Structures are given as structure tokens and as C-alpha cells.
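The values are calculated or read from the model by the stated rules, or taken from the named source; none is laboratory data. Being a predicted model, the structure only gives us computed values, none of them experimental. Backbone-built Cβ (ideal geometry, glycine too); neighbour counts: all protein chains shown.
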Amino acid sequence: MKTIRWHLAHGRHIDIGAKALVMGILNVTPDSFSDGGRFVAAEAALAQAERMAAEGAAIVDVGGESTRPGAAAVSAAEEQARILPVIEALAGSGMLVSVDTYREETARRAVAAGAHIVNDVWGLQREPGIARVAVETGAGLVIMHTSRNRERCPDVIADQFHFLRRSLEIADAAGVAHDRIVLDPGFGFGKETTEENVALMARFEELHALGFPLLAGTSRKRFVGAITGREAERRDVGTAGTSAILRLKGAALFRVHDVATNVDALAVADAILAAQDTSNPTEC
């Protein structure tokens, strides 16, 4: 698989493609759907980040507002109070840090505190100024597809192209360099049925036509629970199954809660990909 250098804020970069990369989820929130309240205290958040890094996470993604359906909104001030001290501490320790936010102000302050990547679940279409933050700071940018609060194309892949092409137009208009961008198809975000999410997995390789590295975020999602019959905190094995499948379909980064389980599953997928790359059939 081709290796691409993803350029990030503060002079950092990471090479993606040749080996699956894991982004550990760190929710500094009281109400996230599977781990709400566990890492609100800064000490617990820092300990969890260190644990994820030790288990193989290349990036830690810090969020201060739950994005689960029906979650209560928080103010920008509250979001920032939760995440900025954690981001500053993690970046100071040398970790690559992503901030999970759709707010321009929070993104700007998070990068100033040391974050290297901005992960926008509204794909620049709620606060387009996030694209300017990426340009002005050099931050890496994850642009996620969402189906929430809008009319959708009937076909799951057609809707991906419809939404993400608009997001990329916003990024281009702001001057975001293409080597700063990763795309996320947004599993679970407005994809209300198990069938829709499974169809997105089955046709995932079609998204390579957009021309950017792809991030998969299936961790503990409802459709994984529907398939496995497991509650949220018991969906990590099912998640690892989706990660391995999506790696074989070309996903480069994986945003997960349980780093160790997914690192192992992705190692198997990477071994298969490596064997495919070096295969040279000869006659018996």
C-alpha cells in the first residue's frame, strides 16, 4: 500500500498507508455513549492516554463534547475547559494529539495548546472557519461525513461523494493543502440502520476515488452491537473485526476505544496485505 506523509501542526508529520495506524479515543466528557465520565478528571485522562500510547496508539484524539445522538450540547467555554489542559499535557509529553471538535474557536485554541490535528465531525460544513485554522496553523485535518440534519442521497456511496466533495470545496477555497487532509466516512453518524453501515463497509473501497487517505471510526457503534448482540462496552472484539475488514479495503487510520485489541487485529490484516504485495506466483 502506498505511503503518504500527513503533515501536521508544530512541524510534526506521520507516514500513513504502509502500516495501519490507530487513533485512541479520549473522551473528556461525562456523557459519551460507552465511556462517559471515566476520564473527566485530568489525571484519569492522562493515565488513559499513556495506556493507549503504550498499547500502540499513534495518535490520541481528545474530545470535550459527546457526539452521540441526543447528547446535550455544551458551550465552547466548557468544552475548552475540559480539553485544553489535557491537550497541553499530552503534547508536552511528545504524543501526537488530535482535537475532536466542530468549533473554530476551540480548534484554534487546541492547536495553540499543542494539538497537531483537528477532527471535525461536521466536515467543515457547520463552522467552515476550521479550514482557516488548518491553513493558519498547519494542522492536519480529518474531514468527516455526516448524514445528520440534512436530506440524503438514497445511495450510501453517492451520499458520501455528495457531502465530502462539498467539504473538499470548502477546504480548497480556504487553501488547505491536500497533504493535510484525511477523510472519514462517519460510520453511525446519521446512518440509522445496520444495513446502511454494513453497505458502507462493503463498498468502502469506492471511497478511494476521492483521492485522500481514509479513517474508519466504527468503535463500539450501534450497528456493531446489532450484529454481535453486545452492549457498548462489550463491542471491542466486533469493532476489531470491522477494523481488519476495512484495513483490507484500504482504510489507513482507525479511531478506537480499545487500542490493544484493534492493534492485534490490524497486525493480522497488515500481514495479509504484505503477503499480497510480495506474492510472485510461479509454476509448480
Quickly run through region 139-160 and pick out the residues that are hydrophobic (A, V, I, L, M, F, W, C) and surrounded by 15 or more Cβ atoms within 10 Å (Cβ to Cβ).
Ala139, Leu141, Val142, Ile143, Met144, Val156, Ile157
Name the residues in region 200-246 that are in a loop (DSSP other than H, G, I, E, B) and more than 23 Å from His162 (Cα to Cα), would you?
Ser219, Arg220, Lys221, Gly229, Arg230, Glu231, Arg235
Is at least one residue of region 190-205 over 15 Å from Lys249 (Cβ atoms), surrounded by 17 or more Cβ atoms within 10 Å (Cβ to Cβ) and within 15 Å of the chain's Cα centre (by Cα)?
no
Looking only at region 14-28, which residues are buried (at least 16 other Cβ atoms within 10 Å of the Cβ) and either aromatic (Phe, Trp, Tyr) or part of a strand (DSSP E or B) (or both)?
Ile14, Ile16, Leu21, Val22, Met23, Gly24, Ile25, Leu26, Asn27
Would you check if Leu96 is at pLDDT 90 or above and surrounded by fewer than 20 Cβ atoms within 10 Å (Cβ to Cβ)?
no
Close pairs from region 264-284: first surrounded by 13 or more Cβ atoms within 10 Å (Cβ to Cβ), partner among the hydroxyl-bearing types (Ser, Thr, Tyr), Cβ under 8 Å, at least 6 apart
Ala265/Ser243; Leu266/Ser243; Ala269/Ser243
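Please go through region 128-163 and give me each residue that is part of a loop (DSSP other than H, G, I, E, B) and within 19 Å of the chain's Cα centre (by Cα), ordered by number. Steps first, answer last, please.
Step one: filter region 128-163 for residues part of a loop (DSSP other than H, G, I, E, B), giving 128, 138-139, 145-155.
Matches in region 128-163: Pro128, Gly138, Ala139, His145, Thr146, Ser147, Arg148.
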Go through (1) touching a residue at least 12 places away in the same chain (Cβ under 8 Å); (2) surrounded by fewer than 17 Cβ atoms within 10 Å (Cβ to Cβ) for Asp258 and report which single condition fails.
(2)
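So which residues in region 88-103 are assigned to a strand (DSSP E or B) and either in contact with a Phe, Trp or Tyr (Cβ under 7 Å, 6 or more places away or on another chain) or not small (Gly, Ala, Ser) (or both), if there are any at all?
To start, the set of residues in region 88-103 that are assigned to a strand (DSSP E or B) comprises 96-100.
Result: Leu96, Val97, Val99, Asp100.
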Does Val142 satisfy being touching a helix residue (DSSP H, G or I) at 6+ places or on another chain (Cβ under 7 Å), at pLDDT 95 or above and within 26 Å of Leu21 (Cα to Cα)?
no
Given (1) among the basic types (Lys, Arg); (2) modelled with pLDDT of 95 or more; (3) within 18 Å of the chain's Cα centre (by Cα); (4) farther than 17 Å from Leu8 by Cα, index of the condition Arg166 fails
(3)
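Of Ala81, Ala72, which residue is modelled with pLDDT under 95, part of a helix (DSSP H, G or I) and farther than 25 Å from Arg203 by Cβ? Lay out the reasoning, then the answer.
Numbers: Ala72 fails: part of a helix (DSSP H, G or I).
Criteria check complete, one pass: Ala81.
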Scan region 62-73 and give yes if some residue there is of a type in the set (D, E, K, R) and touching a Gly at 6+ places or on another chain (Cβ under 9 Å), otherwise no.
yes
